[in-house]
Amino acid sequence: MTTATEYAALPALITRMTGDEKHGWAAESTLDVLWVLYDRVLRVDPRHPDDPDRDRFLLSKGHGPMAYYAVLAAKGFLDPAELDGWAGWGSRLGLHPDGVLVPGVEIGSGSLGHGLLIAVGAAIGLRLRGRTRPAVHVLVGDAELDEGSNHEAIAVAARRGLDSLVTTVVDNSSGSLGWPGGVARRFEVEGWATAEVDGRDHDALHAAYTAPHPGRPLAVVAKVEAKR
Amino acid sequence: MSATTMREVFARVLRTGLADDPRIAAVIAEISRDVLPDHERVVNVGIREQAMVGVGAGLALTGLRPVIHSYAPFLVERPYEQLKLDLGHQDLGAVLVGIGGSYDDPGLGRTHQSPADVALIDTLPGWTVHVPGHPDEVEPLLTAALARDDRTYLRLSLRTNAAPLPVVEGFTEVRRGGAGVVIAVGPVLDTVLAAVAELDVTVLYATTVRPFDSAGLRRAVAHARPDVLLVEPYLEGASAHRVAAALADEPHRLRSLGVRRDEELRAYGTTDDHDSAHELDLVGVREAARRLFGRR
């Protein structure tokens, strides 16, 4: 297990994209969530990125994908050299990821409020196909929950008892109007299992992802300090 | 008029598809739940049209062939960005089946009308668009679409020609003449044929408008004056740019008939009333044809 070394390599990978030599990388709100998912939770293999029994990870919050690309590079889905030319002409790596272009990336995202619906459909589809092994993970931002399409998805997923579906909400309090009772409450009232954890605490994240939630989809609200 | 509606044919063919092909699944948002089978691969998401399309995309992501069905305005207009991103941008396939057409039920008013559906779909690359003109034409179009993996829009309507024509990929030459070419899309064929009965023109019939049969139009124009009357049962001129592209190297005239786009027709009444208002009735099409083909 080279986990610690790989995690320590992430700032250098992010620096290849941002040119930021300081510690701005640590402010990436999704960095630790993505790391824990790819390092300890998702059953995905860069040598077989299209394995039909792989877990799915859908990045719905498509903006600011530096941490995503860095984790994909650390885990062997991308050649780290490709990070240097990101967002340039000829690069496969845009300011929003494109699922058609980037290996290991399930969907293209950028416009908010799309990923959770596609994830619900994928969870239903895998169940209809008789594939009970894969989990479908989707990552959204707390402000992204403003989009009404997410509320359609939250209701449908709960009503259909999609326990293979896991939504991570990276909550850095970026929504302007907020949610009474907190983000997790939005999912709870619809019947989701929920967990609220420190989004920098790898063990707490791992524990949340591995807690059983039979018959219900799971929402993990990862609280992260806003801004750098 | 046929005793069976296009929607009933759709339900029957889908039922067979669900039974025969484990890849096929359907997503609906309450509309038509009464005519579709109670089947695990028929997913009703409630009145949530964004969810309907997004969930359909997710089904496609797992290798299923989703059929996404609703009233045209709720299928194409409300979740337009889902069509663009969840299907198109992800390069996923689906069969959209719309009902209601431009104004199948005029009493319901503007909220249930979608004359812009084909024009909207046409802003997105890679879609096949079928506009059957008779219930019997629905089965071959739908069966073929279910067997493909592309993005298809099947536009169903209560409007219908008296008799079906054999379904082919491109245009069907219904009659030939030298004074010009009329393209009649789907259910406007009978009106067009009656309107041009006294004129020496070629009539091309289309149940598929995307891809557009440019070669078929060029062949027809080779035998006639390069004057084209385009008659579509939806937004006026929706295919005009395709005609222009097909005849780019040919001096030609083009007149487009369809649902007027210069103002909202705020009226109820019957479909015939609306045809008249849009000059899509016998009088309107005949007058347009005479003006275009009668001179020179």
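The values are calculated or read from the model by the stated rules, or taken from the named source; none is laboratory data. Everything numeric in this text was worked out from a predicted model, so none of it was measured. Here the Cβ is made from the backbone with ideal geometry for all residues, glycine too, and neighbour counts use every protein chain on show.
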Scan (1) of a type in the set (Gly, Ala, Ser); (2) buried (at least 24 other Cβ atoms within 10 Å of the Cβ); (3) within 30 Å of B:Asp273 (Cα to Cα) for the single condition B:Gly58 breaks and write down its number. (3)
Note on segment B:121-148: residues out of contact with any strand residue (DSSP E or B) (no Cβ under 7 Å at 6 or more places or on another chain) and not aliphatic (A, V, I, L, M) are B:Thr123, B:Pro125, B:Pro132, B:Gly133, B:His134, B:Pro135, B:Asp136, B:Glu137, B:Glu139, B:Pro140, B:Thr143, B:Arg148
The condition of being farther than 18 Å from B:Leu64 by Cβ and assigned to a helix (DSSP H, G or I) holds, among A:Val36, A:Val138, A:Val102, only for A:Val36
State yes or no: is B:Met6 of a type in the set (A, V, I, L, M), closer than 18 Å to B:Ala144 by Cβ, buried (at least 22 other Cβ atoms within 10 Å of the Cβ) and at pLDDT 95 or above? yes
Select, from A:Arg216, A:Arg186, the only residue that is touching a residue at least 12 places away in the same chain (Cβ under 8 Å), assigned to a helix (DSSP H, G or I) and over 15 Å from the mean Cα position of the chain (by Cα). A:Arg186
Among (1) surrounded by 17 or more Cβ atoms within 10 Å (Cβ to Cβ); (2) at pLDDT below 95; (3) not in a helix (DSSP H, G or I); (4) not aromatic (Phe, Trp, Tyr), which single condition is A:Leu58 missing? (2)
Mind listing whichever residues of segment B:121-141 are surrounded by fewer than 19 Cβ atoms within 10 Å (Cβ to Cβ) and under 27 Å from B:Glu263 (Cα atoms)? B:Thr123, B:Leu124
Answer yes or no as to whether A:Gly113 is buried (at least 24 other Cβ atoms within 10 Å of the Cβ), under 22 Å from A:Gly215 (Cβ atoms) and not charged (D, E, K, R). no
Scan segment A:127-140 and tell me whether some residue there is more than 14 Å from chain B (Cβ to nearest Cβ) and not basic (Lys, Arg). yes
Which of the residues that make up segment B:254-296 are basic (Lys, Arg), surrounded by fewer than 15 Cβ atoms within 10 Å (Cβ to Cβ), within 25 Å of B:Ala179 (Cα to Cα) and touching a residue at least 12 places away in the same chain (Cβ under 8 Å)? B:Arg290, B:Arg291, B:Arg296
Among (1) surrounded by 23 or more Cβ atoms within 10 Å (Cβ to Cβ); (2) of a type outside the set (Phe, Trp, Tyr); (3) more than 15 Å from B:Thr208 (Cα to Cα); (4) within 12 Å of the chain's Cα centre (by Cα), which single condition is B:Gln113 missing? (4)
Looking only at segment B:180-203, and only at residues there that are in contact with a Phe, Trp or Tyr (Cβ under 7 Å, 6 or more places away or on another chain) and under 16 Å from B:His134 (Cβ atoms), the one that is surrounded by the fewest Cβ atoms within 10 Å (Cβ to Cβ): B:Leu189
Scan segment B:64-98 residue by residue and report those that are within 20 Å of B:Leu142 (Cβ to Cβ) and among the small types (Gly, Ala, Ser). B:Ser70, B:Ala72, B:Gly93, B:Ala94, B:Gly98
Criterion (touching a Ser or Thr at 6+ places or on another chain (Cβ under 9 Å) and farther than 26 Å from A:Val138 by Cα) met by exactly one of B:Ala19, B:Ala29, B:Ala11: B:Ala11
Of the residues A:Ala184, A:Ala135, A:Ala87, which single one is surrounded by fewer than 21 Cβ atoms within 10 Å (Cβ to Cβ), on the phi > 0 side of the Ramachandran plot and not acidic (Asp, Glu)? A:Ala87
If you scan segment B:40-74, which residues turn out to be in contact with a strand residue (DSSP E or B) (Cβ under 8 Å, 6 or more places away or on another chain), free of Cβ contacts under 8 Å to residues at least 24 places away in the same chain and farther than 24 Å from A:Asp53 by Cα? B:Asn44, B:Val45
Looking only at residues in segment A:61-84 that are exposed (fewer than 15 other Cβ atoms within 10 Å of the Cβ) and in contact (Cβ under 8 Å) with a residue 40 or more places away in the chain, which one is farthest from the chain's Cα centre (by Cα)? A:Asp84
Note on segment B:142-179: residues over 30 Å from B:Arg23 (Cβ atoms), surrounded by 18 or more Cβ atoms within 10 Å (Cβ to Cβ) and basic (Lys, Arg) are B:Arg159
